[in-house]
Amino acid sequence: MAEKLVKGPIPHAGTGAANPRQPGRIKRFQPAMAKPIYVLNGPNLNLLGTREPEVYGRETLDDLRIRCERKAAALGFPVTFRQSNHEGELVAWIQEARTEGAGLIVNAGAFTHTSIALLDALLACTVPCVEVHLSNIFAREPFRHHSYISKAVKGVICGFGATGYELAIEALASTLAPAKAK
Ligand code: DHK
């Protein structure tokens, strides 16, 4: 991981070398903050917890956010976690992740099965992307079997409920690890 030099007052005695130019100060190396993993959620996912819990589980979107933040933090990444019911807003966030993110996890909700705009945004996205669904879309109605966006992502995880988000973070982090080590 890239490292940057941080000058500052001694936070803990014995953690760095003495700085001869400024007695009482030390030079210490601190890892540069990794770019965040974007986790983008599409329409109706704001209703998680109460919306068809037999299909989508009882955890809320906030529970999912906490799971993602914990898992990503353990792997050295911050998380930018968002939800929108609007296709254009999701497109804008995918474009943002392209420059501001380390990678992207997307549950596009019903837009998965309809949106060429999201496909195009993901095709233009140069950071790795993982598609996630809480439910097993292949065990549901036929119109859910086709995903427009799968063509543009590195992999798809579906059917494992909230755990799928953690699996996606793990998968993404493993593809990013060699880049981080540079
Ligand atoms: C979420 C939705 O809102 C549906 O429209 C998709 C996906 C499936 C999920 O399983 O997370 O068909």
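In this structure, PHE143 and ALA32 have a Cβ-Cβ separation that, at R0 = 45 Å, corresponds to a calculated FRET efficiency of about 0.50. The aspartates and glutamates whose alpha-carbon is closer than 14 Å to the alpha-carbon of LYS151, local same-chain residues fewer than 8 away aside, are ASP120, GLU131. Count Lys and Arg as plus one, Asp and Glu as minus one, and take only other residues whose Cβ is under 13 Å from that of LEU119; the net charge is then -2. Each listed q (0.12, 0.19, 0.23, 0.28 Å⁻¹) maps to a log10 I(q)/I(0) for region 116-182 from the Debye sum over equal C-alpha point scatterers, namely -0.35, -0.81, -1.04, -1.20. Extending 7 Å from Cα along the Cβ direction at ALA73 and again at THR114 yields two label points whose distance is 3.7 nm.
Laboratory data are not the source of any read-out in this text; all were calculated from the coordinates shown. These figures come from a predicted structure and were not determined experimentally. Backbone-built Cβ (ideal geometry, glycine too); neighbour counts: all protein chains shown.
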